[in-house]
Amino acid sequence: MVNNTDPGTGVEQVAAAIRDSSSFLIAAHESPDGDAIASTFALTIALREMGKDVVAYNVDPIPQKLRFLPGADTLVNHVAEQTRYDVGIVLDAGELRRAKIDVIGMCGISINIDHHPYSEDFGDIYCVDTGASATAVMIYRILKHLDHPVSVAVAENIYTAILSDTGSFRYSSANSEAFCVAGEMVGCGVDPWKVAGGLYESQEEERLRLLAKSLATLQISACGRVAAIYATEQMFAEVGAGPELADSFVNYPRSIHGVEVAVFLREIGPDSYKLSMRSKGSVDVGALARELGGGGHRNAAGGEVSGSVEQVVADVFKRLHPLLP
Ligand SMILES: [Mn+2]
């Protein structure tokens, strides 16, 4: 059992709003990741178990690797704008605009549940704790506060969200609460192999073929601390892959011994690239991304850059060099 519910994070207010209301709109950020999707399903299923009316919305479809989750059949990609709800809950979004729906206009009470640093203070209830390893941990705390028993379907979603957002317990966000809640979810009936199989052992063949082409572009800086790979539009066309299949490719150059910063470039037009950077330690790639007109966090950031791929890689290497420890 975990008991570190901090009333300061808005958990009590959210619990009260849930108790006192009957219709709910739940949304999360666009291009949803494992935490966004699984948090949406966990909360939707739990509220329905309480007898509430819930619409679960995301502007984008569920990524293939998350379609095994209980609740995947209930997500809608369109909601009539004139519909009204007692409560609107935005999950894991950082900023309201990333939910791509007018939650404040459509709902009597609007709630932000999140764990991102600098999460925007919108709506009526701000339930944000940057110390939570995943938004799903916030949902866990709320369900505990409501004394709602965690069903297997809810547990599977909470477990998946934590696994996904902590990089399978590798990132520094994998705190003791993450392990405790995940352990409790296994105690509730979650099969870790089923979740791992869904998340990591269900890749599209096209993704692996694209990865093979992309890995062949590997460049490492003279000092050995920056590594880059890229993927061109031609590579995507050759294997028949969509852009979403290159998601997380940046983790491969990061995994090289001695590399501090990894770079991935995805061609989005003539001489135009989407840049992703990942830092292992002290290098603030968020600051560099903002300098380049993009944004992000200290260890994960990106933006758009232009030039030939050779020029762009050389320029990014040059800008990163003085930032290295
Ligand atoms: Mn998250």
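Read-outs throughout are calculated quantities, based only on the coordinates presented, and are distinct from any laboratory measurement. All figures in this text were calculated on a predicted structure; none of them were measured in a lab. Positions of Cβ are generated from backbone atoms using ideal geometry, with glycine treated the same way; all protein chains shown enter the neighbour counts.
Here the residues His148, His115, ranked from fewest to most Cβ neighbours within 10 Å of their Cβ, fall in the order His148, His115.
Here is the list for segment 126-181: chymotrypsin sites (Phe, Trp or Tyr not before Pro) lying in DSSP coil, each with at most 16 other C-beta atoms within 10 angstrom of its C-beta, are Phe169, Tyr171.
Of the GluC sites (Glu not before Pro) found in segment 180-278, those that fall in a DSSP loop while having at most 15 other beta-carbon atoms within 10 Å are Glu201.
May I ask you to give the average projected area over all directions of the convex hull of the Cα atoms of the chain, in nm² rounded to one decimal?
16.7
Put the Cα centre of segment 156-208 next to the Cα centre of segment 96-131 and the gap is 25 Å. Taken about its Cα centre, segment 272-325 carries a charge dipole of roughly 200 debye when the Cβ of each Lys and Arg holds +1 and the Cβ of each Asp and Glu holds -1. Using alpha carbons only, how many degrees (0 to 90, rounded to 10) separate the axis of helix 34-49 from the longest principal axis of the chain? It is inclined by approximately 10 degrees. Against the chain, whose longest principal axis is taken from its Cα atoms, helix 11-20 shows a tilt of about 50°. By the scheme Lys and Arg +1, Asp and Glu -1, what is the net charge of all other residues having a beta-carbon under 14 Å from that of Ala227? Result for the local shell: +3. Each Lys and Arg Cβ is given +1 and each Asp and Glu Cβ -1; about its Cα centre, the chain then shows a dipole of about 740 debye.
Which net charge results when you count Lys and Arg as +1 and Asp and Glu as -1 among the other residues whose beta-carbon is under 12 Å from that of Asp102? Spelling it out: positives minus negatives among the neighbours equals +2.
To the nearest ten degrees, helix 176-187 and the longest principal axis of the Cα atoms of the chain are 60 degrees apart. Counting Lys and Arg as +1 and Asp and Glu as -1 over every other residue whose Cβ lies under 13 Å from the Cβ of Leu210, the net charge comes to -4. Since only Ala300, Ile26, Val137 are under comparison, the one whose Cα sits farthest along the positive direction of the charge dipole of the chain, derived from C-beta charges on Lys, Arg, Asp and Glu, is Ala300. Of the residues Ala178, Val195, Thr166, the one whose Cα sits farthest toward the positive end of the charge dipole of segment 7-200, with +1 on the Cβ of Lys and Arg and -1 on the Cβ of Asp and Glu, is Val195.
The relative contact order of the chain, computed from alpha carbon pairs under 8 Å that lie at least 6 residues apart in sequence, is 13 percent. Summing Cβ point charges (Lys, Arg +1; Asp, Glu -1) relative to the Cα centre of segment 38-188 gives a dipole of roughly 340 debye.
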